[in-house]
1. Would it be correct to say that ALA349 is over 21 Å from SER296 (Cβ atoms), among the small types (Gly, Ala, Ser) and crowded, with 23+ Cβ neighbours inside 10 Å?
2. Given (1) surrounded by fewer than 11 Cβ atoms within 10 Å (Cβ to Cβ); (2) under 21 Å from the mean Cα position of the chain (by Cα), identify the lone condition not met by ARG267.
3. Based on what the data block shows, is SER296 among the small types (Gly, Ala, Ser), surrounded by 12 or more Cβ atoms within 10 Å (Cβ to Cβ) and out of contact with any Gly (no Cβ under 8 Å at 6 or more places or on another chain)?
4. I want to confirm something. Restricting to region 71-101 and keeping residues that are over 20 Å from ASN387 (Cβ atoms) and among the charged types (D, E, K, R), which single residue is surrounded by the most Cβ atoms within 10 Å (Cβ to Cβ)?
5. Of the residues in region 287-310, how many are under 27 Å from PRO348 (Cβ atoms) and either among the β-branched types (Val, Ile, Thr) or not in a helix (DSSP H, G or I) (or both)?
6. Go through region 61-154 and tell me which helices (runs of 4 or more DSSP H), entirely inside it, have 3 or more residues that are at pLDDT 95 or above and either hydroxyl-bearing (Ser, Thr, Tyr) or under 30 Å from ALA191 (Cβ atoms) (or both).
7. Quick check on this structure: which one of LYS319, LYS358, LYS415 is within 20 Å of GLY144 (Cβ to Cβ) and either among the hydroxyl-bearing types (Ser, Thr, Tyr) or out of contact with any helix residue (DSSP H, G or I) (no Cβ under 8 Å at 6 or more places or on another chain) (or both)?
Amino acid sequence: MKAKRKHKTSQNPKPSSRAAVPTDVLRILRDYPHQSYSVLRQAFPSQVRDSYMLGQGNGACRSGEPQYSLKKYKVIDLFAGAGGFTLGFMQTGRFEPIFANDFNVYAAKTYNANFGDHCLHGDITEFLQRKSWEIPQADVIIGGPPCQGFSLLNKQRHGDPRKELWKTFLEVVERVLPSVFVMENVPELLASLEFLEIKKTAERLGYCVVSGVLNAADYGVPQRRKRAIVIASRRGQPELPKPTHFDSRKARNLYQQGFLDWETVGRAIGDLPGAEGIDIKLGLVPPPMDLHFGRSPTKESLQRYKCIPEGGNRFDLQKNRPDITPDCWIRKKSGGTDLFGRLWWDRPAFTIRTEFFKPEKGRYLHPRQHRPITHREAARLQSFPDNFLFVGTKIEVARQIGNAVPPLLAKNVAKAVLDHFLETSVR
């Protein structure tokens, strides 16, 4: 009688086509379904199809990915501006803003128009000096103390009193003692003596601190904007958010790890029609056209615009038309490579500042049209949705857009805070 053969077990079994999709991949699929579906389905055809369809119903994916409880955490936003930081936290569905403050009356009105009437206009330092004034309790404090005191663009930054406003921020932290606080600023902050004091003060209050410079483009914002992010927690060691996007020109095959390519100017603003008129139309026409207006350039300015190719700058103007190039630019042989620059259609924008409507201030020319970008285009490049309400004049709204924390960057920071809360059992 023949002995039954034992079935050999392969030491390297072929992975099942129905194997679970990695958690990080599914998180990106959940957060960026329309962008990632076409990329991820090539790597995980059947699983991505199933998870994508499931994710359309309730925003969750079947993968064993941790699902947060329904509790909402209370948030205070200091130096809030228009509320880009708050918006990003709210977009997670897990944070509830209860108090905010800003010194600019138009910014405070914009904040209140979007989040409720709890942004207090005025000098927070003066409010803290009032013995009868109490700040509400919160789980998280976020904010970006004015950064001009640290910025390299500020030639008078040494001795600038705005470098001291981090003390006001931490005074609020000390009074409230939230579980976590998040501070945003220019990258130069992290190399300053003030940051050493910030870290020392936070640790004295019982916080563990992590910090780093994040590029907004690495988190889906169609803009290369580097910002210092400081996360401090009384619940243990927090972590900075992990990037979700990458520059495929400098790295390859990161798609296989669930990363998406950087967002581009073209994808952000390509559906907009031509700019209409030269006046802001808030409340008069629906978005996006309420902020999609142009300027009235002189004939000479228009000639200058036409000399700049996509991705070009003031040096192209000097090469093509030295007769209409400002003398100060001709004398300045180096530096300022973004001045009078034109954006690329298939790349992220450069940093959107408060005077983006002035091409002489930076790389703000539309990639394909002979004009500066509009307020609506700048808002989109900052990742503000079209239904976000702005209040104020042209100048004030531009200031709010340029000074804001990109909401999508803030959303990724908020997710890192949520993950930290989950890991430290804050329910």
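1. Yes, satisfied.
2. Condition (1) is where ARG267 drops out.
3. No, not satisfied.
4. Result: ARG94.
5. So the count comes out to 11.
6. 84-90, 105-115
7. Details: LYS319 fails: within 20 Å of GLY144 (Cβ to Cβ); LYS358 fails: within 20 Å of GLY144 (Cβ to Cβ).
Result: LYS415 is the single residue among LYS319, LYS358, LYS415 that is within 20 Å of GLY144 (Cβ to Cβ) and either among the hydroxyl-bearing types (Ser, Thr, Tyr) or out of contact with any helix residue (DSSP H, G or I) (no Cβ under 8 Å at 6 or more places or on another chain) (or both).
Rundown of residues vs (1) of a type in the set (A, V, I, L, M, F, W, C); (2) part of a helix (DSSP H, G or I); (3) surrounded by 20 or more Cβ atoms within 10 Å (Cβ to Cβ), yes/no style:
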| position | (1), (2), (3) |
| --- | --- |
| ARG353 | no, no, no |
| ARG368 | no, no, no |
| ASP386 | no, no, no |
| ALA398 | yes, yes, yes |
| ASP419 | no, yes, no |
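The values are calculated or read from the model by the stated rules, or taken from the named source; none is laboratory data. Quantities reported herein were computed from a predicted structural model and do not represent experimental measurements. Note that we place each Cβ from the backbone using ideal geometry, even for glycine, and neighbour counts take in every protein chain shown.
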